[in-house]
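Some notes on the structure that comes next.
The values are calculated or read from the model by the stated rules, or taken from the named source; none is laboratory data. Owing to the predicted nature of the structure, the values given are computational and were not obtained by experimental measurement. All Cβ positions, glycine included, derive from the backbone under ideal geometry; neighbour counts span all protein chains shown. Ligands, DNA and RNA are stripped out before the accessible areas are found, and what is left, the full protein with its side chains, is counted by its heavy atoms. Shrake-Rupley method; radii C 1.70, N 1.55, O 1.52, S 1.80 Å.
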Protein chains: 2
Amino acid sequence: MKIGEAARASGVTAKMIRHYEAIGLLPPASRSEANYRDYGEAEIHALRFIRRARDLGFSLHEIASLLALWGDRHRASAEVKRLALAHVEALEAKARDLSAMAATLRHLAAHCHGDSRPDCPILDELARSN
Amino acid sequence: MKIGEAARASGVTAKMIRHYEAIGLLPPASRSEANYRDYGEAEIHALRFIRRARDLGFSLHEIASLLALWGDRHRASAEVKRLALAHVEALEAKARDLSAMAATLRHLAAHCHGDSRPDCPILDELARSN
DNA sequence: GATGGGGGTTCCCATCATGGGAAGGTCAAG
DNA sequence: CTTGACCTTCCCATGATGGGAACCCCCATC
């Protein structure tokens, strides 16, 4: 399979597949006579694995660890779980941060008339001098 | 005030102050004889404004708009409110995305024994072949 | 007066994940 | 044999931030 097909089959763009190889997340693909990258089922599986992990918000660095664990038949699931839960904590912390920002701003906006007059509690808050 | 003092007074690092000037978010600062940037109260206010907007998750691009509105005595607060609420929507959407990822992953982790055995529903899900 | 330290200045590079695009090679079908 | 779709590598850009080098400036202390 050439890179375009692999991209369609895995949901990872060809650009990203090359990138993942370049940074060592994936081993160098074997090449055809025309120097085209050639992918088999195993590679497609790995690419899908990466895409799903990305969809769950894992960084490429974390994904490298996950791939290593995936490929290790003697892994302890405890290690995977630890990694996953640490990531969950980070996701939840980020979500809380964003929600807090949203709530603060929504509150400010609720007090803003939102008409043609210039008075605006939102700007007042941002420009507050203390 | 030199840039270091301005940084301390505003909570924006000197590095970032220079950056904001470089990208045109702030007008070029006036310079001392030694070519040092010189800041007055007005500039400190603007820097604090920027920092607060950043704390609320606004992008520098959005902040440019907010600064323009802030400086426009004839602005309509409707415009500010519109911007703020659009940003709130984006924040909430992002927060929802992160929460969904966290929930999915927490669910998977809950089914993972997390012991020394290799079986792991988390990896199974990532490696799912359909 | 020399020196040292703690500012400041510019400029380049790195992060993280991704995309755009140029210049050129390869292959199938018309 | 050309055309078009694909592939290759390489460079640049994003957004916000930080690190660090090389150099300049000023003030206090020996």
How do the helices (runs of 4 or more DSSP H) wholly within the range A:1-83 filter down when requiring 1 or more residues that are open to solvent by 20 Å² or more (accessible area, probe 1.4 Å), over 26 Å from B:PRO121 (Cβ atoms) and at pLDDT 95 or above: which remain? A:3-10, A:14-22
All-but-one check, B:ASP55 against (1) within 14 Å of chain A (Cβ to nearest Cβ); (2) within 16 Å of DNA strand C (Cβ to nearest atom), failing number (2)
I'm told B:THR104 meets every condition in (1) open to solvent by 30 Å² or more (accessible area, probe 1.4 Å); (2) over 14 Å from A:MET101 (Cβ atoms); (3) more than 7 Å from chain A (Cβ to nearest Cβ) except one. Can you identify the failing condition by its number? (3)
Name, by its number, the condition in (1) within 8 Å of chain B (Cβ to nearest Cβ); (2) open to solvent by less than 80 Å² (accessible area, probe 1.4 Å); (3) out of contact with any Gly (no Cβ under 9 Å at 6 or more places or on another chain); (4) at negative phi that does not hold for A:GLY114. (4)
Just need a number here: residues in the range B:84-101 that are facing chain A (nearest Cβ under 7 Å) and open to solvent by 30 Å² or more (accessible area, probe 1.4 Å). 5
